[in-house]
């Protein structure tokens, strides 16, 4: 059976590194990163003469959801040609929206594919330090307005998508230190390989 893996979490939790390591370890994987679409988003900001701020009302209204639509359309297309598609993207709202998740599962079922969400758990202070270390323009506003930004970030595990009878629908990847990372990587790879 084919599989769509969403590696999700708030920004700077370690999604990109984890996604790439999982993709390298698994077989027959298409790796997609929503950040690849940022070049298009920046062009939209530019054409609209709007400040590049991925936390702005403009971004919310004109860019955010379209990035998700685009990356999911690419994933659905890729599943025609390979067994696993792994998307590295926050999906922070979408995976808490049961209608969205159910619709996605139904679309995947048409392709004989299942959904696996890997939720990355990282301490908030580690997230802030990683943002500072990566020194990315997309984090400038967040770091300058940390208290305002962080109060709206939901670090809670999206338990609504967890069916206790399904071992691989929601997998938790603990990533606040190297020991947690190594243990989670082995555990999640074991589950994915056992259920493929």
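The value of relative contact order for the range 1-79, using C-alpha pairs under 8 Å at least six residues apart, is 28 percent. For the range 117-195, just say rounded, prolate or oblate: build the C-alpha gyration tensor, square-root its eigenvalues into a ≥ b ≥ c, call rounded for a/c under 1.5, and beyond that prolate if a/b exceeds b/c, oblate if not. It is prolate, given that a/c is not under 1.5 and a/b is the larger ratio.
Can you grab the distance from the C-alpha centre of the range 106-174 to the C-alpha centre of the range 1-77, Å, no decimals? Distance between centres, Cα-based: 12 Å. Remark: relative contact order (the chain) = 33 percent; criterion is Cα-Cα distance under 8 angstrom and separation of 6 or more residues. Shown here: the chain, whose C-alpha atoms stretch 47, 37, 29 Å along the first, second and third principal axes, sorted largest to smallest. With contacts taken as Cα pairs under 8 Å at a separation of at least 6 residues, the range 131-196 carries a relative contact order of 18 percent. Helix 98-110 versus the longest principal axis of the chain: what is the Cα-based angle in degrees, 0 to 90, to the nearest 10? For helix 98-110, the angle is close to 50 degrees.
What does the helix-only formula give at 222 nm for the chain: each DSSP H stretch with n ≥ 4 adding -39500 (n - 2.57), the total divided by the residues, and the result rounded to the nearest 500 deg cm²/dmol?
Here the helix-only value at 222 nm equals -13000 deg cm²/dmol.
Once the Cα atoms are used to define both axes, helix 65-78 deviates from the longest principal axis of the chain by about 30 degrees. Applying Stokes-Einstein at 25 °C and 0.890 mPa s to the Kirkwood radius of the range 1-79, computed over alpha-carbon pairs, gives a translational diffusion coefficient of 173 µm² s⁻¹.
Show me 166-173, 96-103 ranked by packing, highest mean number of other Cβ atoms within 10 Å first.
166-173, 96-103
All of the numbers you see were taken from the coordinates with simple rules; none came from a lab. What you see is a predicted model, and the numbers here were worked out from it, not measured in a lab. Cβ coordinates were reconstructed from backbone atoms using ideal geometry, including for glycine residues, and neighbour counts include every protein chain displayed.
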